[in-house]
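One structure below.
The values are calculated or read from the model by the stated rules, or taken from the named source; none is laboratory data. Since this is a predicted model, take the numbers as computed values, not measurements. Using ideal geometry, Cβ is built from the backbone for each residue, glycine included, and neighbour counts are taken over all protein chains shown. Ligands, DNA and RNA are stripped out before the accessible areas are found, and what is left, the full protein with its side chains, is counted by its heavy atoms. Shrake-Rupley method; radii C 1.70, N 1.55, O 1.52, S 1.80 Å.
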Amino acid sequence: PGLPGIMQGDTDRFAFGRTNFHVDQQDLFVLELDPANPERYRHDGGWKEFQRFVVDVAVKDAPARRVVLRYAVQGPVVSYDPARTRATALASIGMAPGGAGAFAMVAINLAHDWESLKQAFRLHPSPTNFHYADVAGNHGWQVIGFVPQRKKGDGLMPVPGDGRYDWTGYKDFRALPSEYNPKKGWFASANQNNLPANWPRDRIPAFSFRDPYRYDRIADVLGKQTKATIADSVALQHDTFSAPAMQFVDLLPDRPSDAAKPAATMLAGWNLRIDRGSAAAALFEIVWRDLSDRMLAAIVPERARGLVDEIAPSVLLDKAKARPDMVDAALASGWQSAQRLLGPDPTEWHWGTLHQVKIAHPLARIPAIAAAFPAIQGDGSGGDGYTVMARWLGNGPGWEVRGGASYLQVIDVGDWDKSVMLNLPGQSNDPRSPHYRDQYAPWIAGATIFIANQGRFHAPTLLHTLVENKVTS
């Protein structure tokens, strides 16, 4: 929303899609204030004055509040403490010139091939894996996004704001990974670390990549296909195989305790798919969270528990290998929790019972908005954060779907009208429309994709029409 153009889809020459890449695009700078004049901060061997803006903020049923906005060379001041002679400034790509990405979107839509797309990539600020395939049979992948060029440091921790760690500009996107017509015939991304193995550490753009489970599953499937159909791609987008579950099942005790035995038996005979109708999938998710909580309590110092509230699956599984007692305890506790949450009869357990999908307006706590935009809910979903069909949970205590791939597309560049798509919850944002929620049930089921391309537009023509007709919605 808010982008002037098509974020992913196709022109008459090429199709394009995207997943998130990771670039650390924000740094905190700790400033030393001048004790004699706290409107100055130390920078480049001297004192520099803040840019100041005085703003009156209107407050309902109260007098306006006057605030002072300060800006250092690095960016806005987010913390100001003259008593301690210190302040903190935030440098952020999103607040820098060109950080909104509007021009990049228009340029992408106006491009006609891989080479002309590279001109658009120069304008694209947000970290993205850009996927491309054209009518000539070419396909490419390029990581794009503004990467801060730091004088010193890697951005992981707050740094002094005296000039030694300032940004000097952005690295060119061509310094980021890419492939064009790879020999294996395919490429994929799923928010994993896809930097080459020999990538220099001083050029690593972020340290927040996700575990590679989803990518590994995609690579395993694509690596075995000699020819992919539309149906194959749709099936892969909705794949619920869980690699963490497979690795966890390998840790099941040979001789579980009596309390853990029912859970161990159910999971040992499971197909390792996080399907919404699966009892074993529900049990696994419950046991997994229990094990995570136990491991965090065991390895995170008490004074750090307010900061560390989750553990990466790869770390959890590695630690669990040395703690069979903890695995047994989690199985026993998980079985009891499943009975409490889902009932005493395991044949009636379903992951979808817990993994509900509710779509509500962000301001639904306001009664008038809640009434105007009724919540869309009623069904449960399969998948989790580590399946290709990404439908992840929060950190608790609930089990609802907290996020996922709300838009899906499979595009046939040889025959555009065979392309398919799905947009959760529907094509319309108007609750009075029959298309407000008509794609909710198919998205839940992971079985049906709606036909796209009911009418085709050449991108430059479409953009020209938008401008001429001054479309603002």
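Just a few scattered comments:
- Taking region 309-343 as the range and being acidic (D, E) and closer than 28 Å to S208 by Cβ as the test, the residues that pass are D309, E310, D318.
Table: residues versus (1) more than 17 Å from A206 (Cα to Cα); (2) among the basic types (K, R); (3) touching a residue at least 40 places away in the same chain (Cβ under 8 Å).
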position: N109; (1), (2), (3): yes, no, yes
position: R122; (1), (2), (3): yes, yes, yes
position: H131; (1), (2), (3): yes, no, yes
position: W141; (1), (2), (3): yes, no, yes
position: Q149; (1), (2), (3): no, no, no
position: G155; (1), (2), (3): no, no, yes
position: V159; (1), (2), (3): no, no, yes
position: K171; (1), (2), (3): no, yes, no
position: S189; (1), (2), (3): no, no, yes
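- Test: F103 is within 27 Å of the chain's Cα centre (by Cα), aromatic (F, W, Y) and surrounded by 11 or more Cβ atoms within 10 Å (Cβ to Cβ): yes
- Pairs, first over 18 Å from G383 (Cβ atoms) in region 237-263, second part of a loop (DSSP other than H, G, I, E, B) and open to solvent by 50 Å² or more (accessible area, probe 1.4 Å), C-beta under 8 Å, six or more apart: none
- Here V401, V413 are screened, and the one residue that is modelled with pLDDT of 90 or more, over 30 Å from S337 (Cα atoms) and part of a loop (DSSP other than H, G, I, E, B) is V413.
- Region 287-304 residues that are over 20 Å from G334 (Cα atoms) and among the hydrophobic types (A, V, I, L, M, F, W, C), paired with ones that are in a helix (DSSP H, G or I) and open to solvent by 20 Å² or more (accessible area, probe 1.4 Å) (beta carbon under 8 Å, 6 or more apart): I299/K319
- Restricting attention to region 384-411, the residues being out of contact with any helix residue (DSSP H, G or I) (no Cβ under 7 Å at 6 or more places or on another chain) and open to solvent by 50 Å² or more (accessible area, probe 1.4 Å) number 7.
- Residue, nearest to V410 (Cα to Cα), within region 110-154, restricted to residues that are part of a loop (DSSP other than H, G, I, E, B) and hydrophobic (A, V, I, L, M, F, W, C): V135
- Looking only at region 78-100, residues that are open to solvent by less than 30 Å² (accessible area, probe 1.4 Å) and either closer than 12 Å to R52 by Cβ or assigned to a strand (DSSP E or B) (or both) come to 5 in all.
- Single residue of H361, H350 found to be farther than 14 Å from F284 by Cα and surrounded by fewer than 19 Cβ atoms within 10 Å (Cβ to Cβ): H361
- The residue pairs whose first member lies in region 209-225 and is within 11 Å of A243 (Cα to Cα), whose second member is of a type in the set (D, E, K, R) and assigned to a loop (DSSP other than H, G, I, E, B), and whose beta carbons are closer than 8 Å, counting only pairs six or more residues apart or on different chains, are R217/D239.
- Count of residues meeting criterion [within 26 Å of the chain's Cα centre (by Cα), over 21 Å from F121 (Cα atoms) and open to solvent by less than 30 Å² (accessible area, probe 1.4 Å)] in region 146-191: 1
- Restricting attention to region 257-269 and to residues that are open to solvent by 30 Å² or more (accessible area, probe 1.4 Å) and not in a helix (DSSP H, G or I), the residue that is nearest to R214 (Cα to Cα) turns out to be G269.
- Residues considered: L316, L331. Of these, the only one that is without any contact (Cβ under 8 Å) to a residue 40 or more places away in the chain and either under 13 Å from I286 (Cα atoms) or assigned to a helix (DSSP H, G or I) (or both) is L316.
- Scanning region 366-376 turns up no residue that is open to solvent by less than 20 Å² (accessible area, probe 1.4 Å), outside any helix (DSSP H, G or I) and either free of Cβ contacts under 8 Å to residues at least 60 places away in the same chain or within 30 Å of F14 (Cα to Cα) (or both).
- Among (1) modelled with pLDDT under 95; (2) under 23 Å from Q192 (Cβ atoms); (3) open to solvent by less than 60 Å² (accessible area, probe 1.4 Å), the one test that A281 misses: (1)
- Among the candidates R210, R289, R294, residue that is under 16 Å from W351 (Cα atoms) and of a type in the set (K, R): R289
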